[in-house]
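Below is one structure, written out as structure tokens; the observations come after it.
Quick note: the coordinates plus some simple rules give every number you see, no bench work behind them. It should be emphasised that the depicted structure is a prediction, and the values quoted were computed from it without experimental measurement. Neighbour counts are summed over all protein chains in view; Cβ atoms, including those assigned to glycine, are modelled from backbone coordinates with ideal geometry.
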Amino acid sequence: MRFSAKFHWGWLSLPFLLIVWSAIASQYPAYILPQPWDVAQEAVRWLKDGSLWVHLRASLLEEIGGFALATVVAILLGSLAGLSNNFRDFISPLNSLFMAIPPVAWAPLTMIIFGLGYWSIVMVIFIAAVFPMAITIQEGIQSIRGGEVRAARTLGADTWQIILYVYIPASLPFVTAALRIGFSQAWRALVAAEMIGASKGIGWMVSMGGQIGNSNQVLLGIATIGLIAWLMENLAFKRLEKHYQTWRVH
């Protein structure tokens, strides 16, 4: 059987990064900047004793909670803003206000209100993700041309049928794009919030590693953050966007 595969330049990215990392690390003591294989050995140790799973599970549960809440609210706000000019005028200043404030700036307040732990971090994630997602969904609904709506009405469709058969199919590519953006924002906010006020999680790993001077732990945490983001991007969101791209209204 003949095997052939089309070359993709992206395959060279990780080897290139490892080569550059190794070259730079060779100029420093291992306790300052370890080599990639040193971090790999650290990962094996964390995996063997189960510590990495404990922190990864904590971060994923926080991410799922905040991201799910943000998704529900963003779909509601974005849909209303896309369909109603009055609501869009009302929500626009709030979008601008909350988008301008770094999400991690809310962490001290959420910790005062909810205490250290799960809910304070979930709320930071929610604030980080909900408005970028809502704006993307709003813009998607606004892009739906009035001709399709008028055609549906001419054929006798009522409001709910228009929403079901025109707005929802046409807006799905924008919803998947919003999910992609929202997850990215939520993941960054999660890590930042955990570095400030958590007792476990990937962000805590990085923060604690820096405090005790363990570069292996810091880089292991950073690598884990990047790996999870890469997996979600390539195994979930890109596939969703590709699948729903054909649903666009032209």
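A few points about this structure:
- The chain: relative contact order as a whole-number percent, Cα under 8 Å and 6+ apart: 24 percent
- The overall shape of the stretch 170-250, judged from the alpha-carbon gyration tensor, is prolate: a/c is not under 1.5, and a/b is greater than b/c.
- Least to most buried among 131, 237 (fewest other Cβ within 10 Å first): 237, 131
- Per the Cα gyration tensor, the chain maps to an equivalent ellipsoid with semi-axes of 40, 25, 14 Å, ordered largest to smallest.
- Cα gyration tensor shape for the stretch 1-96, rounded if a/c is under 1.5, else prolate or oblate: prolate
- Ranked for footprinting exposure by Cβ neighbours inside 10 Å, fewest first, 212, 225 give 212, 225.
- The Cα center of the stretch 23-41 and the Cα center of the stretch 205-244 differ in position by 19 Å.
- Only helices enter the 222 nm calculation for the chain: every DSSP H run of n ≥ 4 contributes -39,500 (n - 2.57), and dividing by all residues gives -24500 deg cm²/dmol, rounded to 500.
- Residue ranges 189-202, 54-67, 26-39 sort as 189-202, 54-67, 26-39 when ordered by packing (mean number of other C-beta atoms within 10 Å per residue, highest first).
- Size of charge dipole - the stretch 35-247 - debye, nearest 20, with Cβ of Lys, Arg +1 and Asp, Glu -1, no other charges: 320 debye
- Sorted by Cβ density within 10 Å, fewest first, the residues 96, 51: 96, 51
- Mean Kyte hydropathy of 0.0 or more with a Cα span along the axis of at least 24 Å, helices from DSSP in the chain: 51-83, 118-142, 168-197, 215-232
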